[in-house]
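The values are calculated or read from the model by the stated rules, or taken from the named source; none is laboratory data. Since we're looking at a predicted model, the values are computed, not measured. Positions of Cβ are backbone-derived with ideal geometry, glycine not excepted, and every protein chain shown enters the neighbour counts.
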């Protein structure tokens, strides 16, 4: 599980205070080693909670004292959860029946709570007036609505052509384009980055408006799907393709 580029930017460009890398690596590294060598390899713990409730606070403290935003504390911890060598896909119904590893347990247990938390975060941080629109609004909107699909399609093309990776079965570049446009909805993370990057004031409110306008990506995705003739796909059709 790889953190998105926006979270990497948050960690590197917007420290919460003076950085103490020794403290950071001591606690975060200790949390990782505890999960990998004690819980995973030695005790072979099958429940994901043990990997979170012990290593999570250690990592959080390391981020906090290290001067890096503690919201990223679980980013280095999640990859330490035991997982199967292959995955049928998060939205495949058969996954619930066949996948019992801790990583998939974590994925499915937290799916609905995270959606609720993100919704509440959006309600709490998005309150701005339409008069707050400014230059930052345009930059954020264009970055999400245009930069997202271009980046997703371009990097996928590089991954396929240069690194010889494969796209999911049944998916082509038309599907990927629509998916990239839909990914332009950057509401919660864009708001989070904005609140960290800018102090309260006109620029922050303007950037928040850009995040709100990213919801237009949903309409653009439907239009693109109609133009590119991208229809609905069932798991059965994909398996037969």
Qualifying residue in the stretch 174-187 (condition: touching a helix residue (DSSP H, G or I) at 6+ places or on another chain (Cβ under 7 Å), farther than 29 Å from residue 133 by Cβ, outside any loop (DSSP other than H, G, I, E, B) and in the same structural domain as residue 138 (by TED's automatic domain parsing)): yes
Filtered residue count, the stretch 147-179, keeping only those that are touching a residue at least 60 places away in the same chain (Cβ under 8 Å) and over 21 Å from residue 229 (Cβ atoms): 1
Residue tally, condition exposed (fewer than 13 other Cβ atoms within 10 Å of the Cβ) and either part of a loop (DSSP other than H, G, I, E, B) or touching a strand residue (DSSP E or B) at 6+ places or on another chain (Cβ under 9 Å) (or both), over the stretch 139-173: 8
Residue tally, condition more than 18 Å from the chain's Cα centre (by Cα) and farther than 13 Å from residue 148 by Cβ, over the stretch 169-196: 7
Residue within the stretch 82-96 that is at pLDDT 85 or above and not in a loop (DSSP other than H, G, I, E, B) present: no
Matching option when the condition is more than 24 Å from residue 211 (Cα to Cα) and modelled with pLDDT of 90 or more, among 183, 159: 159
Pair list, Cβ under 6 Å, 6 or more apart: the stretch 48-68 residue not assigned by TED's automatic domain parsing to the domain that holds residue 21, other residue surrounded by fewer than 23 Cβ atoms within 10 Å (Cβ to Cβ) and in a helix (DSSP H, G or I): none
